[in-house]
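Peer 1: Got a structure for you, questions after.
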Amino acid sequence: MAHEIDDAADSLQGATDSGGTAPESGEVMLFWDFFGPRGEGTARHFQTHLEEFLERESVSGCSVGTSSSNPRHWAAWCLAPVAVEDLLTRALKPRRRELG
């Protein structure tokens, strides 16, 4: 089971549906993972709250979206400047991160 989750996480890296780009130097990609038959809807719903948080906190320079490696694993993601990583991590507790 853990191996399947790791494989799914690895394949999410290139699969985006909201115009995301690969992380560049000085950026971090944060992920919130959702599993099961409602994973897609939950990831899209979380993306809405993520956008609201970024606007409310006046955080700029971020891109957000959702991605999926298979029908049972979806993720909401945020490509953000490293400078705001601590704020996002403390407030929203992402499950994974990748450095650019």
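Where a number appears in this text, it was derived from the coordinates with a stated rule and is not lab data. These numbers come from a predicted model, not from an experiment. Counting neighbours? That spans all protein chains shown, and the Cβs are built from the backbone with ideal geometry, glycine included.
Peer 1: Give the stretch 62-100 a look and list any residue that's under 12 Å from the mean Cα position of the chain (by Cα), more than 12 Å from Met29 (Cα to Cα) and not polar (S, T, N, Q), or say none.
Peer 2: Those that are under 12 Å from the mean Cα position of the chain (by Cα), more than 12 Å from Met29 (Cα to Cα) and not polar (S, T, N, Q): Trp74, Leu92, Lys93.
Peer 1: Collect the residues in the stretch 29-46 that are part of a helix (DSSP H, G or I) and surrounded by 14 or more Cβ atoms within 10 Å (Cβ to Cβ), keeping them in residue-number order.
Peer 2: Hits for the stretch 29-46 are Gly39, Glu40, Thr42, Ala43, Arg44, His45, Phe46.
Peer 1: Further question: Using beta carbons and a limit of 7 Å, which pairs, at least six apart or on different chains, have the first residue in the stretch 44-70 and touching a residue at least 24 places away in the same chain (Cβ under 8 Å) and over 18 Å from Pro81 (Cβ atoms) and the second one part of a helix (DSSP H, G or I) and among the charged types (D, E, K, R)?
Peer 2: Here the result reads Thr66/Arg44; Ser68/Glu40, each pair linking the stretch 44-70 to a residue that is part of a helix (DSSP H, G or I) and among the charged types (D, E, K, R).
Peer 1: Turning to a different aspect of this structure: Give me the residue from the stretch 47-75 that is more than 17 Å from Arg90 (Cα to Cα) and of a type in the set (A, V, I, L, M, F, W, C) and, out of that set, surrounded by the fewest Cβ atoms within 10 Å (Cβ to Cβ).
Peer 2: Step by step, filter the stretch 47-75, then rank; the result is Val64.
Peer 1: Need the failing condition index for Ala76 against (1) in a strand (DSSP E or B); (2) farther than 21 Å from Gly36 by Cα, just the number.
Peer 2: (2)
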